[in-house]
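Since the structure comes first, as structure tokens, the remarks are kept for the end.
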Amino acid sequence: MPIHRLDRALTLKIAAGEVVDRPASIVKELAENAIDARSERIEVLFEDGGRSRIVIRDDGTGMSEDDLRLSIERYATSKISSEADLSNIRSLGFRGEALASVAAVSRLKIVTKESGEESAYELVAEGGELVRCDPAARPTGTTVDVTDLFFNVPARAKFLGSARTESLHIHRILQRLAVLCPEIGWEVRHGSREVLLAPRVGSQRDRLVQIYGGEIAEALIPIEIERENVRITGFVSRPDLRRSNRRDQMFVVNGRFVSDRGLSFVLSSAYRGMLRPGSFPLALVQIELPPQLVDVNVHPRKEEVRFAQVRQVQDAVAAALQKALSSQAVVVPLGPSSPRGAAHVNAPEHALHSSGQRTLNLHLGREMAVSKAVHEAEKVRPQADRLVLGQIHATYLLVESPEGLEIVDQHIAHEQILYTKLQREWAGGIARQVFLLPVRVEVPFEQAAIIASHLAELAEVGVVLDEFGGGTFLIREFPQALANSQARTGFQQIVEMLADTLSEGRDLKQMLYTKLLSNLACGAAIKAGDAIPLVEAQDLVDELMKLEDPYTCPHGRPIIVSYSKHELDKRFKRA
Ligand code: ADP
Ligand code: MG
């Protein structure tokens, strides 16, 4: 085929493919335009996961008739005008591509009125071509109405996910933008269902409360540091608040969400040793630096940036995280007797442990690690004659036993105790604790809807909930073994697992009965890194010794590592 120029419609579609790959990226571009237009209220409505319709209504500055006609042209923008502006970008948009791209792959209607103008104007475009532009009526602001997405790009339409998948993506993006702009009121509906309702608030913390619920927002530590010309602000979760994925890790550079492997690495390094494997902190890390020191023009959807001085930025983030994490420590009470209110206290001396400055350093040496087979052989029916001597590194309990010395992994031990209890309860019908005063829990909208539609299944496994609206539920009954102090932690776990199970299409009941048990136990158990009082440690070991097999957990991990007196004697050359 000889070289020839592609026609305009085709080039537009090709270019659009880079910017708008799915409904969520359209929502992102349109919402960012509304933010750039200094809106105070943004309303989003989408249908069928955004595939059939996306409407975004704002009360921002609006556009004049001339601007409206230009807005759907490629490389037409009001946000930059010279090359110099490119290195000093303060708005979210700047390329003038979004509306042109959306117009190219959909039927588009924009109604807008600029403040101070007499009339509003309505523009209709189809597949990138202007159909009409006439006077209309509306208050100051802009409404962008996108229908029949990808009607003229069947290849792209085929790759769209289910309505549920697409709406999850949309929800996530809007949730993030809402976190970024607490001074804007957000109202989002999927069909007739409200999925995000966040009236404008005065601070980012208040916005986090609206979105994640008070329980989670309470577990957030503010971060703040200023170094040379880099300023870091935001929030990170205390190590006891764990999420099962990285979805709630947000990095923002000069007001723009970015994904950056280097920064993710800095974040996980800061939490090293504080979280169990497979759990992730929640983080909102906002980086502000002079616009000349960051290139935002390196990714078609502006999801990545390039720093002029990467190290400087990473070091500042690491310092901010370290400062926040070492100023706090978390002590979670063990067992049902501890009042919930005492769950979190600051313990500065414990903080030394978590920040890595060890005060107690027992080197038992790797070669001394006793194999499972050895203590299988030495296994005697344990009695309640074990004395807990102390806790090391807020993780292991040192125990004097009649045979010698035992080291107990507190988390696995507690997990095993809870797991056994749950199993016993499930077998004989679930013992439920009925709360006289129901426990209030708040969950994100996304998960609230899923929970609301599975109340009956949850009731079958002992979790009886009343929907209170706005993402709030009241726990009426809860499995006895978990009821006392851990209801909220346990509940949060159930919600996350339910949501994940449903989105993966696995069998709910099967999951609830098997995986739920061990996850509930794991989630409710004390963690590595939790300092616990000696009396509670003693209770834990006594309980552990009542189990059928206190030495290994069902997954084969050791609970107790033991050293016989004989072995110790040998090592000290007494034998
Ligand atoms: P960019 O945001 O990169 O400038 P867009 O294609 O998204 O490019 O928008 C083109 C122009 O249309 C913007 O520069 C802005 O002037 C105008 N515009 C788009 N959406 C809105 C809106 N919601 N309110 C006011 N002006 C808007
Ligand atoms: Mg834009």
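Got the relative contact order for segment 8-198 handy, in percent, Cα pairs under 8 Å and 6 or more residues apart?
Relative contact order of segment 8-198: 28 percent.
Sticking with the crude label model, points 7 Å out along Cα→Cβ, report the distance from residue 172 to residue 194 in nm, one decimal please.
About 2.5 nm separates the two model spin labels.
In sequence order, what are the phi-derived ³J(HN,Hα) couplings for segment 104-112 according to the Karplus relation 6.51 cos²θ - 1.76 cosθ + 1.60 with θ = phi - 60°, rounded to whole Hz, with x for glycine and proline?
Those phi angles translate into 5, 10, 7, 9, 10, 10, 10, 10, 8 Hz.
Using 1/(1 + (r/R0)^6) with R0 = 60 angstrom and r between the beta carbons of residue 548 and residue 87, what's the FRET efficiency to the nearest 0.05?
Plugging the Cβ-Cβ distance into 1/(1 + (r/R0)^6) gives 0.35.
Scan segment 75-130 for chymotrypsin sites (Phe, Trp or Tyr not before Pro) in coil per DSSP, keeping those whose Cβ has at most 14 other Cβ atoms within 10 Å, and list them by number.
Qualifying residues, ordered by number: 75.
Check which residues have an amide H placed less than 5 Å from residue 195's amide H, if you skip close sequence neighbours.
188, 189, 190
Which of the trypsin sites (Lys or Arg not before Pro) found in segment 1-65 are loop residues per DSSP with 12 or fewer other Cβ atoms within 10 Å of their Cβ?
Passing both the DSSP loop test and the Cβ count: 5, 38.
With θ set to phi - 60°, apply the Karplus curve 6.51 cos²θ - 1.76 cosθ + 1.60 along segment 150-155 and write out the HN-Hα couplings as whole Hz, x wherever there is a Gly or Pro.
6, 4, 9, 10, x, 4
Sequence-distant or interchain residues sharing an amide H contact under 5 Å with residue 389, placed H: which?
HN-HN under 5 Å from residue 389: 398, 399, 400.
Net charge around residue 232, counting only other residues with Cβ within less than 14 Å of its Cβ (Lys, Arg = +1; Asp, Glu = -1)?
My count for the surroundings of residue 232 gives -3.
Determine the gain in length on full extension of the stretch residue 218-residue 70; use 0.36 nm per residue of separation and subtract their C-alpha separation, reporting nm with one decimal.
48.6 nm
Across segment 208-214, in residue order, what do the Karplus-derived ³J(HN,Hα) couplings come to in whole Hz, using 6.51 cos²θ - 1.76 cosθ + 1.60 with θ = phi - 60° and x for Gly and Pro?
5, 4, 4, 8, 9, x, x
Would you mind calculating the gained length between residue 315 and residue 231 on full extension (0.36 nm times residue separation, minus the Cα-Cα distance), in nm to one decimal?
Residue separation times 0.36 nm, minus the Cα-Cα distance, leaves 29.1 nm.
What residues have an amide H closer than 5 Å to that of residue 552, excluding those fewer than 5 places away on the same chain, when H is modeled at 1.01 Å from N in the peptide plane?
It is 559, by chain and number.
Read-outs throughout are calculated quantities, based only on the coordinates presented, and are distinct from any laboratory measurement. Everything numeric here is computed off the predicted structure, so don't read it as measured data. When we count neighbours, we look across all protein chains shown, and the Cβ atoms used for this are built from the backbone with ideal geometry, even at glycine.
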